[in-house]
Amino acid sequence: MTLDALVDGVHAWFTAALPDHGIYALMAFAFIAGLARGFSGFGAALIFVPLGGAIVGPKLISPILLVIDGIASLGMIPPAWRGANRPEVFVMAAGAALGIPAGTAILTLLDPLLLRWSITIIAICLLALLVSGWRYHGEASAPLTSGVGLIAGLFSGAAQLGGPPVVAYWLGGKSNFTRVRANVVLYFSISSVFSAISYYFGGLFVPAVFALTAVILPSYAVGLYGGSKLFGLAEERTFRIACYVLIAIAAIIGMPLLDSVLR
């Protein structure tokens with residue numbers, strides 16, 4: 001096979017794998033989601049999954065986010081490793097290892113429309129949890145920490161929405177926001193490996209996932225970098241409010257009833 005033939009074959013595969021519409025919108029959503037993730041350590045799925053799912057469907061958008069976030073956030077892992085409470089993160093990740101396969105089964109088997117409505121409802125409920133300011137203020141224990149990981153893993157496997165339960169649990173402890181952010185980043189770097197294995201055996205890594213990853217990844221990476229730079233510079237409360245507003249808009253616009261807005 002000649003080089004020209006190989007290039008033509010790759011181009012044909014790439015073109016066939018991409019959707020007919022919505023690519024630029026996905027790039028914009030990825031940038032905004034990356035900005036939130038880079039600053040707070042979470043929030044990307046609450047923005048990207050409802051909006052992106054309205055364009056390409058939940059069974060495609062969840063593995064796309066998993067891949068682009070896993071690649072783009074590699075640089076966040078070393079400082080998170082140094083700053084996190086590693087034993088506690090490992091206990092929570094153990095719970096996620098049990099919850100993620102169950103969530104992946106839901107993503108694989110549930111009707112796409114029903115799944116989108118479920119994601120919208122879950123996203124709104126998780127946002128309400130964050131906005132309410134409720135935090136767990138009891139004593140941390142290994143069973144409780146792994147239980148939170150189990151719930152977060154279930155949400156991650158189904159829609160990459162595992163951040164809010166983890167954040168609500170850890171923010172209620174004695175750790176400051178910097179430690180919590182490090183915990184969250186390290187936890188998701190571990191749980192993402194479990195999700196990748198589960199998604200692989202669930203048959204979710206179709207060609208379109210990798211084609212769209214190649215297109216969307218730069219936008220997400222730029223947003224992630226920008227959010228990381230804002231951390232420590234921007235007022236934490238102001239940025240949190242901005243993230244909450246973005247998540248609320250994403251959840252509302254991502255509802256199946258409003259598909260005409262994104263298509």
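The values are calculated or read from the model by the stated rules, or taken from the named source; none is laboratory data. Just so it is clear, the model here is predicted, and its values are computed rather than measured. Note that each Cβ is placed from the backbone with ideal geometry, even for glycine, and that neighbours are counted across all protein chains shown. SASA here: full protein model, heavy atoms, side chains in, ligands and nucleic acids out. Shrake-Rupley method; radii C 1.70, N 1.55, O 1.52, S 1.80 Å.
Structural remarks
- Any hit, segment 158-165, residues being without any contact (Cβ under 8 Å) to a residue 60 or more places away in the chain and either touching a His at 6+ places or on another chain (Cβ under 7 Å) or among the polar types (S, T, N, Q) (or both): no
- Boolean, GLY103 is crowded, with 16+ Cβ neighbours inside 10 Å and under 16 Å from the mean Cα position of the chain (by Cα): yes
- Scanning segment 74-96 for residues that are closer than 14 Å to SER192 by Cβ and open to solvent by 40 Å² or more (accessible area, probe 1.4 Å) yields a total of 2.
- Among the residues of segment 178-230, the ones that are farther than 23 Å from VAL91 by Cβ and either part of a helix (DSSP H, G or I) or of a type in the set (S, T, N, Q) (or both) come to 27 in all.
- Checking GLY57 against (1) open to solvent by less than 10 Å² (accessible area, probe 1.4 Å); (2) on the phi > 0 side of the Ramachandran plot, the condition it does not meet: (1)
- Residue within segment 71-88 that is at pLDDT 85 or above and not in a helix (DSSP H, G or I) present: yes
- Looking only at segment 1-54, and only at residues there that are open to solvent by less than 50 Å² (accessible area, probe 1.4 Å) and outside any helix (DSSP H, G or I), the one that is modelled with the highest pLDDT: GLY22
- Residues of segment 162-180 include at least one that is at pLDDT 75 or above and open to solvent by 40 Å² or more (accessible area, probe 1.4 Å).
- Residue within segment 126-141 that is buried (at least 18 other Cβ atoms within 10 Å of the Cβ), β-branched (Val, Ile, Thr) and touching a residue at least 24 places away in the same chain (Cβ under 8 Å) present: no
- Restricting the first member to segment 104-120 and to residues that are under 21 Å from ALA250 (Cα atoms) and assigned to a helix (DSSP H, G or I), and the second to residues that are open to solvent by 60 Å² or more (accessible area, probe 1.4 Å) and not small (Gly, Ala, Ser), the beta-carbon pairs closer than 7 Å and six or more apart or on different chains are LEU107/LYS59; PRO112/LYS59.
- Considering segment 214-244, the residues that are within 15 Å of ALA33 (Cβ to Cβ) and at pLDDT below 75 include one that is surrounded by the fewest Cβ atoms within 10 Å (Cβ to Cβ), namely ALA242.
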